[in-house]
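In what follows, a structure is listed as structure tokens, so that the remarks can point back to it.
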Amino acid sequence: MEYKHRLSELDTYLFAKGTHYEIYEKMGAHLAEENGEKGTYFAVWAPNARSVGVVGDFNEWNAEANKMQPVQQSGIWDLFIPGVKKGDLYKFAVETSQGYTVLKADPYGNASQLRPDNASVVTDISHFAWEDDEWRAAHQEKQINVPMAIYEVHPGSWKKDPDMPGEFYNFRRLAVELAEYVLDMGYTHVELIGLSEHPFDGSWGYQVSGYYAPTARYGTPIDFMYFVNYMHQRGIGVILDWVPAHFPKDEFGLGRFDGTALYEHQDPRKGEHPEWGTYCFNYSRTEVSNFLVANALFWIEKFHIDGLRVDAVASMLYLDFGRSSGNWIPNEDGGNQNYEAIAFIKHLNGIVAKRDPGAMMIAEESTAWPKVTGDVADDGLGFTYKWNMGWMHDFLEYMKCDPIFRKYHQNQITFSFMYAYSENYVLVLSHDEVVHLKKSMIYKMPGNMPDKFGNLRAAYGLMMMHPGKKLLFMGQDFAQTAEWNEAKSLDWYLLERYPEHQQLNRYYKDLLHFYHDYPALYELDNSPEGFAWINGSDAEHNMLTFCRMTKDKKHCLLCHFNFSPVAYDTFQSGVLCPGTYTEVFNSNALEYGGTGVVNPEPIEAVKESWDFKDYSIKYHLGAYGVCIFKFDYVEPEPEPEKLPTKKYTREDIHHLAGHYKKIK
């Protein structure tokens with residue numbers, strides 16, 4: 001008798017081709033019923049195993065008690081076990097061709113034990129009552145020219161449970177408190193790191209052991225569905241960090257799954273990351289590619305995730321990434337491009353775009369690989385966005401400089417504008433920048449504490465006005481002083497006790513709301529028409545001035561940045577056109593910790609050439625000041641043409657005089 005929950009011949013055929021995009025519905029452990037008995041159906045891919053059994057607390061972990069059967073010639077083993085119910089623990093006892101047996105967690109399992117235990121848990125994720133139809137209906141298509149400000153969050157260290165010291169928040173409690181903070185601040189999305197099951201807290205979730213299981217640290221899969229549903233109901237998008245580049249070598253995980261290099265390449269020059277001590281996926285194997293592509297769709301379609309930030313894309317694209325000379329294998333043409341990974345990425349992004357066109361695929365790609373966000377049909381990789389790692393590196397190097405020396409590094413804050421439209425970028429100040437002795441954002445800044453806060457306000461101001469979407473890691477929006485530590489909560493007490501941290505938090509909050517309120521900052525975010533230079537070369541004064549434009553040329557923004565400690569009572573700047581310039585944002589406001597010297601009155605542009613512009617304005621500019629003026633662009637009236645002058649001869653004068661007499 002055929003049962004719907006069992007693998008069919010079509011299932012195994014599509015899996016072998018690498019195109020079974022719902023393979024997770026058949027593989028793993030699923031509650032089912034056969035011959036009138038309720039139980040669980042198990043299926044696992046282990047083509048080189050001598051035998052496979054299901055072990056668990058239901059059979060006293062006896063490898064001989066429940067032997068699985070091979071499914072056709074697919075390399076898959078399956079078995080229905082009556083009486084196995086939700087909540088039961090299990091693993092697969094895989095007997096290798098060498099004759100030893102290893103206990104493996106389920107690659108497709110939807111739940112796991114809390115570390116350090118690592119058995120899979122039978123569960124059911126099919127009956128959650130979603131209530132986010134309105135959100136999903138509004139996000140059926142990609143929306144590039146909209147504001148996007150991402151709050152990057154590690155759920156385990158955002159806050160610890162005050163009722164149980166040292167314990168993690170459950171997803172449900174986290175949802176309520178995080179949504180309240182995110183909405184108040186003005187972020188549009190949260191990006192969660194360390195969400196898939198992983199054995200070691202210190203890996204931050206970047207060494208995944210359970211690709212189809214939300215980590216048990218914060219609750220059950222249903223608890224996580226509640227989290228996503230709650231966020232969507234409050235208008236907040238959810239992005240997950242996703243790690244298709246590598247996986248850990250823990251014995252219970254994917255590594256050497258059936259005694260052979262199954263999910264990874266056999267040759268360590270291609271199958272291992274020497275720097276990370278992990279295995280690399282074998283993208284040329286269709287079943288492995290299917291495992292990963294289906295996993296991306298699983299999070300998007302089953303958990304309603306709005307996007308995946310794809311980790312370590314550069315390590316996938318380059319065969320020599322992190323490998324010394326002679327320890328990598330060139331491609332068939334002798335180059336370092338990983339053709340198999342490129343094909344996988346294009347396949348992945350193509351299928352996601354086809355099935356879930358509103359879902360975002362965001363590449364953490366740190367090189368100058370072309371067309372990362374280009375269409376797959378045009379030989380691009382097909383991502384929606386790319387992290388702008390070049391901007392991040394140059395920007396932070398500039399900000400670390402003592403203002404005395406910044407004039408020698410002006411190109412580090414101007415170079416990014418030259419390639420700002422080559423991809424769809426996200427400007428990122430992520431967790432990677434505030435760990436491993438790199439210092440927190442506030443302590444990257446030079447000078448004494450008032451200088452540090454002034455510099456950080458200027459830095460965040462430029463980030464928000466620069467073309468591109470925005471991402472900031474938790475804690476940096478209130479100037480956490482310590483580096484991030486995944487084992488402890490953020491230092492929220494700083495925000496409670498110290499005015500300067502409250503002011504910085506208020507400043508970043510107002511920046512986020514300002515970003516929302518002015519279409520000039522996102523409407524033409526991927527077009528050079530949305531940007532115009534005023535002065536990018538005033539290195540001597542550590543200055544930068546540019547405009548952000550709208551489609552209808554109304555409510556454009558003149559943005560001026562002073563990265564020096566020098567204040568100016570009267571500063572002159574060129575402007576694009578005549579008209580009224582009204583200050584709408586100033587980092588020097590008292591509520592942000594500034595001196596309070598702002599420009600409260602509208603300023604009329606005068607016809608006085610400055611910065612190679614015909615018109616200019618004069619205004620107050622504070623130390624480390626960010627001044628933003630609103631204006632409506634109008635085409636300057638052309639200069640009236642001057643009539644040519646002519647020297648008249650004596651004969652001309654007599655002729656004109658005679659002509660005049662005739663008229664009289």
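Taken together, the values in this text are just the output of simple stated rules run on the coordinates, not laboratory data. Everything numeric in this text was worked out from a predicted model, so none of it was measured. Cβ coordinates were reconstructed from backbone atoms using ideal geometry, including for glycine residues, and neighbour counts include every protein chain displayed.
Observations on the model:
- Relative to the current alpha-carbon distance between residue 115 and residue 402, full extension at 0.36 nm per residue lengthens the span by 98.8 nm.
- Residue order, fewest to most beta carbons within 10 Å, for 27, 164: 164, 27
- Surrounding net charge for residue 134, when Lys and Arg each add one and Asp and Glu each subtract one, Cβ distance under 15 Å: -2
- Subtracting the Cα-Cα distance of residue 164 and residue 267 from their residue separation scaled by 0.36 nm leaves 32.4 nm.
- FRET efficiency, 1/(1 + (r/R0)^6) with R0 22 Å, evaluated for residue 233 and residue 127 via beta carbons: 0.70
- FRET efficiency for the residue 332 to residue 567 pair, using the beta carbon distance and R₀ = 45 Å, is estimated at 0.15.
- Highest-first packing order for the peptide set 262-273, 6-17, 286-297 is 286-297, 262-273, 6-17, based on the mean count of other beta carbon atoms within 10 Å.
- Reduced Cα scattering model of the chain, Debye log10 I(q)/I(0), q = 0.07, 0.10 Å⁻¹: -0.53, -0.96
- When each of the peptides 531-537, 450-456, 438-444, 625-631 is scored by the mean number of other C-beta atoms lying within 10 Å of its residues, the order from highest to lowest reads 625-631, 450-456, 438-444, 531-537.
- Between segment 388-461 and segment 86-162, the Cα center-to-center distance that results, in Å: 35 Å
- Only beta bridges with both residues in segment 169-387 are counted; by DSSP, about 35 percent of them are antiparallel.
- With Cα atoms, 0 to 90° folded angle of helix 221-233 axis to the chain main axis: 20 degrees
- The residues neighbouring residue 233, those whose beta-carbon lies less than 9 Å from its own, together hold a net charge of -2 under the Lys/Arg +1, Asp/Glu -1 convention.
- Highest to lowest packing among 148-155, 460-467, scored as the average C-beta count within 10 Å: 148-155, 460-467
- Inter-probe distance in nm under a simple model that places probes 7 Å from Cα toward Cβ, at residue 57 and residue 181: 3.3 nm
- The local environment of residue 200, defined by Cβ-Cβ distances under 13 Å, has a net charge of -1 under the rule Lys, Arg +1 and Asp, Glu -1.
- Sorted by Cβ neighbour density within 10 Å, fewest at the top, the residues 260, 278: 260, 278
- Compared with the dominant principal axis of the Cα atoms in the chain, helix 650-663 is inclined by about 90°.
- Computed lengthening from residue 601 to residue 50, 0.36 nm per intervening residue step minus Cα-Cα distance: 190.2 nm
- Spherically averaged projected area of segment 9-121 from its Cα convex hull (nm²): 7.5 nm²
- Approximating the spin labels as points 7 Å out from Cα along Cα→Cβ, the residue 552-to-residue 438 distance works out to 4.2 nm.
- On Cα atoms only, tilt of 499-517 relative to the major axis of the chain in degrees: 80 degrees
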